[in-house]
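Down below is the structure, laid out as structure tokens.
The values are calculated or read from the model by the stated rules, or taken from the named source; none is laboratory data. A quick note: this is a predicted structure, and the numbers were derived from the prediction, not measured. Neighbour counts are summed over all protein chains in view; Cβ atoms, including those assigned to glycine, are modelled from backbone coordinates with ideal geometry.
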Amino acid sequence: MKNEADERTGWRRMAAKGAGKKWILALLLLAAALGVWAFFHFRSPAPGGVAGGGNRPQPVSVAEVRIADMPIWISALGTAVPRNLVTVRSRVDGELIKLHFREGQMVTQGQALADLDPRPFQVQLTQASGQLAKDAALLKNARLDLERYKELWAKDSIPKQQLDTQEALVGQYEGTVEADRGAVESARLQLAFAHIVAPASGRIGLRQVDPGNQIHASDANGLAVIAQLQPITLVFSVPESYLPALNRRIAGGDPVAVEAWDREQKERLAVGHLLTTDNLVDTATGTIKMKAEFANEDSALFPNQFVNVRLLLGTRKDALIVPGAALQRGAKGTFVYVVDGAGTVASVPVAAGPADGELLAVDGALAAGARVVTDGADKLRDGAKVEAVSPATRAAAAPPAAAHGKHRADGKPPAHPPRGEGGAAN
């Protein structure tokens, strides 16, 4: 009997322990479910509100939609090329005795650059002049004899053959004198070549030969290189799809404006015009080369300098203009958030057009003067309540991590990628 009672007591204890474990497990599951519900409840935005804030309006930056003409720019990468690039070479052989230029200075066409030793060329000129004088004297004497022979032949005192021979001798001396005159001019020209002048205007580079060296007309490097910088040209390539529109503008006589910008596209270096297009399309890249000309009076462009190029293809009249930061992208395409008078936002589908700097032309159901969200749209939904604040106020109110994600270290807003038709430049 005792053993049976003990056995029953053990079973009761085991059952009680099992029931206790079930209750504990049920309580843990209930607590977990409540935690998940609370997490999603407080994380998701309430109708007309924002995440984590109940019905408190979310601070955003806004800008007004306006109507204006929007230029259509084509972006390209270009290289500055001198209008003329000339290597200064000696046209005669000789010893370089003097240079008349400073490396890197601006020179004008005809300006003295260097001198060779002129003495060998002066000697050649003297020799040629002496030979000319000698042959000229022989010609003079032959002509006098010819006149005497003509008188004698008229009197039938000499045979006709002797007169003909004298006439031939005069012709021979005349040819010799002409050759001597050519030799004199050649020697005089060689002497002039010993004084080297600039063949073109521009900026002269580093000298390739020092005074005291023997130089030759066949030297490949020459004395220096002159690059014409005013004006200067830019060579760049654009997609062939723009060629018909550009050809129409060129055929109409309209000057096509071209701008040169620095590497970071922060500073405009120069403004010029399209000079010409190449005569064929590069089949490997589907682009065509173009050349633009710039006055470059301030020498902002330098030969072989890399620049960003913007070519004005045309202008869109009376376009809807919004800041580029207002454009949002979602599953249904591009759109902007519009804020009504009650502070409620609604997404409006738009199509992006050409861009110019921070501004973007769009097509959509927008009205001039409508307010669009430019900053703080990442957590917005249709019907959300917002409060328009200045960008500085919003940046000050944002958490450090969020502010770091939205602004660069220099305090400027992050750059936006180019948008618009045909890769229009920012």
Filtered residues of the stretch 329-346 (kept if buried (at least 18 other Cβ atoms within 10 Å of the Cβ) and out of contact with any Leu (no Cβ under 6 Å at 6 or more places or on another chain))
F335, V336, V338, V339
Search result, residues across the stretch 355-373 that are charged (D, E, K, R) and under 28 Å from L311 (Cβ atoms):
D356, E358, D363
Selection count, the stretch 76-101, where residues are in a strand (DSSP E or B) and touching a helix residue (DSSP H, G or I) at 6+ places or on another chain (Cβ under 8 Å)
1
Enumeration of residues in the stretch 226-242 that are crowded, with 17+ Cβ neighbours inside 10 Å and out of contact with any Lys or Arg (no Cβ under 9 Å at 6 or more places or on another chain):
Y242
Subset of the stretch 313-341 [under 27 Å from G252 (Cβ atoms) and either free of Cβ contacts under 8 Å to residues at least 24 places away in the same chain or polar (S, T, N, Q) (or both)]
T315
Can you pull out every residue in the stretch 227-255 that is hydrophobic (A, V, I, L, M, F, W, C), touching a residue at least 60 places away in the same chain (Cβ under 8 Å) and outside any strand (DSSP E or B)?
L229, A245, L246
Positions within the stretch 270-322 being of a type in the set (G, A, S) and either in a strand (DSSP E or B) or surrounded by fewer than 16 Cβ atoms within 10 Å (Cβ to Cβ) (or both), in sequence order
A270, G272, A284, G286, A292, A295, S299, G314, A319
Just to verify a result, which residue in the stretch 58-98, among those that are within 25 Å of A220 (Cα to Cα) and in contact with a Ser or Thr (Cβ under 7 Å, 6 or more places away or on another chain), is modelled with the lowest pLDDT?
R83
Residue check for G341: in a strand (DSSP E or B), at pLDDT below 90 and within 15 Å of V65 (Cα to Cα)
no
Among the residues listed as A227, A284, A260, the single one being touching a Leu at 6+ places or on another chain (Cβ under 7 Å) and farther than 30 Å from A114 by Cβ:
A260
Report yes if some residue within the stretch 390-408 is surrounded by 13 or more Cβ atoms within 10 Å (Cβ to Cβ), in a loop (DSSP other than H, G, I, E, B), basic (K, R) and modelled with pLDDT under 85; otherwise report no.
no
When you go through T233, T287, T283 one by one, which is the residue that is closer than 16 Å to V81 by Cβ and not charged (D, E, K, R)?
T233
Contacts under 8 angstrom Cβ, first residue in the stretch 366-387 being more than 21 Å from R66 (Cβ to Cβ), partner of a type in the set (F, W, Y), 6 or more apart
L380/Y337
For residues that are in a loop (DSSP other than H, G, I, E, B) and in contact with a strand residue (DSSP E or B) (Cβ under 6 Å, 6 or more places away or on another chain), scanning just the stretch 366-382, find the one that is nearest to R56 (Cα to Cα).
L380
